[in-house]
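Engineer: Here it is, the structure, as structure tokens.
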Amino acid sequence: MEIKEKITLDMLTSDSVSILKQQYITIDGTDIKVGDNIRNAYMNTQTDREYLQKVLPEDYYNAVLAVWGDAPTVTEPAEGE
């Protein structure tokens, strides 16, 4: 039995993206969801771009960048904010 992960890019705009991760197992040809949904939001900052490049498969990362473009659109928050 193998656990598969489904990734959904949700609410993708030029400034942010929400990423939904769900895990499934296949029993008798039917996908059955296991565990809880994991949802995280990311802003189009340099820091989040670098993080997403590390944690997303390349095709999903490229899809985000296709909307976000070549440069961050959100300024990094100052320390303490």
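The values are calculated or read from the model by the stated rules, or taken from the named source; none is laboratory data. Since the structure is predicted, the reported quantities are computational estimates derived from the model, not experimental observations. Here the Cβ is made from the backbone with ideal geometry for all residues, glycine too, and neighbour counts use every protein chain on show. Remember, those area values only see protein heavy atoms, side chains included, never the ligands or the DNA or RNA. Shrake-Rupley method; radii C 1.70, N 1.55, O 1.52, S 1.80 Å.
Engineer: State whether one or more residues within region 2-15 are in contact (Cβ under 8 Å) with a residue 40 or more places away in the chain, open to solvent by less than 80 Å² (accessible area, probe 1.4 Å), assigned to a strand (DSSP E or B) and not basic (K, R). So that I can check it myself, show each step before the final result.
Structural biologist: Taking region 2-15 as the starting set, the residues that turn out to be in contact (Cβ under 8 Å) with a residue 40 or more places away in the chain are 7, 9, 12-15.
Checking the rest, the ones that are also open to solvent by less than 80 Å² (accessible area, probe 1.4 Å) come to 7, 9, 12-15.
Checking the rest, the ones that are also assigned to a strand (DSSP E or B) come to 7, 9.
Those left that are additionally not basic (K, R): 7, 9.
Scanning region 2-15, I find at least one residue that is in contact (Cβ under 8 Å) with a residue 40 or more places away in the chain, open to solvent by less than 80 Å² (accessible area, probe 1.4 Å), assigned to a strand (DSSP E or B) and not basic (K, R), so the answer is yes.
Engineer: Of all residues being assigned to a loop (DSSP other than H, G, I, E, B) and without any contact (Cβ under 8 Å) to a residue 24 or more places away in the chain in region 21-46, which is farthest from A71 (Cα to Cα)? Just the residue, please. Outline the logic, then answer.
Structural biologist: So the first thing to find is which residues in region 21-46 are assigned to a loop (DSSP other than H, G, I, E, B), and the list is 28-29, 44-45.
Now narrow it down to the ones that are without any contact (Cβ under 8 Å) to a residue 24 or more places away in the chain: 28-29.
On the way: D28: 46, G29: 43 Å.
Here the answer is D28.
Engineer: Right, another one. Given (1) over 11 Å from the mean Cα position of the chain (by Cα); (2) farther than 21 Å from E76 by Cα; (3) surrounded by 14 or more Cβ atoms within 10 Å (Cβ to Cβ), where does Y60 come up short, assuming only one miss?
Structural biologist: Of everything listed in (1) over 11 Å from the mean Cα position of the chain (by Cα); (2) farther than 21 Å from E76 by Cα; (3) surrounded by 14 or more Cβ atoms within 10 Å (Cβ to Cβ), Y60 misses just condition (1).
Engineer: When you scan region 36-50, do you find a residue that is surrounded by fewer than 12 Cβ atoms within 10 Å (Cβ to Cβ), of a type in the set (S, T, N, Q) and either at pLDDT 95 or above or more than 21 Å from P77 (Cα to Cα) (or both), even just one?
Structural biologist: yes
Engineer: Give just the number: which of (1) modelled with pLDDT under 95; (2) surrounded by 10 or more Cβ atoms within 10 Å (Cβ to Cβ) does L65 not satisfy?
Structural biologist: (1)
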